[in-house]
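This report refers to the structure that appears directly beneath it.
The values are calculated or read from the model by the stated rules, or taken from the named source; none is laboratory data. The shown structure was predicted, so the numbers you read here are calculated from the model rather than taken from an experiment. Using ideal geometry, Cβ is built from the backbone for each residue, glycine included, and neighbour counts are taken over all protein chains shown.
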Amino acid sequence: MNKIKNPALREAYERLYHKTPLGFYNCGRLCDGLCCRGDGQGMWLFPYEEELFMGKDGFEICETEGNYGYPMLICSGECDRAERPLACRIFPLFPLVYEDDGKIRIKVVYDPRAGMCPLARNNKELDSSFIKEVYKAARYLIRDEKILEYMKAVSTELTEIAELQRRLGEI
């Protein structure tokens, strides 16, 4: 992996290096890596991540109209776990970032886009240390203004998706 220059991103990567939703077990082995397969499927990159994957074998960076101007990373389905982007490291969770009484708050939730993940779909209990590390990583990430704004925008979108899913479930 190319050297991570942004200190907030570097700290988040380090915090989540050995963590997975099931402790140290590679959860992709449970479902044969469903989150890593499929034509045109990939993970949205956070700010500053694109440079880490430029020219890397097994990865393709795709410019898209979504993700607030940041590209999508498509992988071959098999990667060195040390080279996972942040979205893979926190999957199937996302740290929602919002303001409350003028303070930035973080709430780690199942990502409503993670429907293919058996852990999310079945609402399985995840390793508590993984959830804590996702939270701690988010605390570092929001120290960078560009990442903070990105996470706020994604958080708003995910909240809207979750609300739509809730409403559709009531029909």
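Exactly one condition in (1) at pLDDT below 90; (2) exposed (fewer than 15 other Cβ atoms within 10 Å of the Cβ); (3) within 22 Å of ASP144 (Cα to Cα) is false for ARG29; which is it?
(3)
Yes or no, residue by residue, for (1) part of a loop (DSSP other than H, G, I, E, B); (2) modelled with pLDDT under 95:
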position: PRO112; (1), (2): yes, yes
position: ASN123; (1), (2): yes, yes
position: PHE130; (1), (2): no, yes
position: TYR135; (1), (2): no, no
position: GLY169; (1), (2): no, yes
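How about the range 73-105: which of its residues are aliphatic (A, V, I, L, M), part of a strand (DSSP E or B) and surrounded by 18 or more Cβ atoms within 10 Å (Cβ to Cβ)?
Selection gives LEU73, ILE74, LEU93, LEU96, VAL97.
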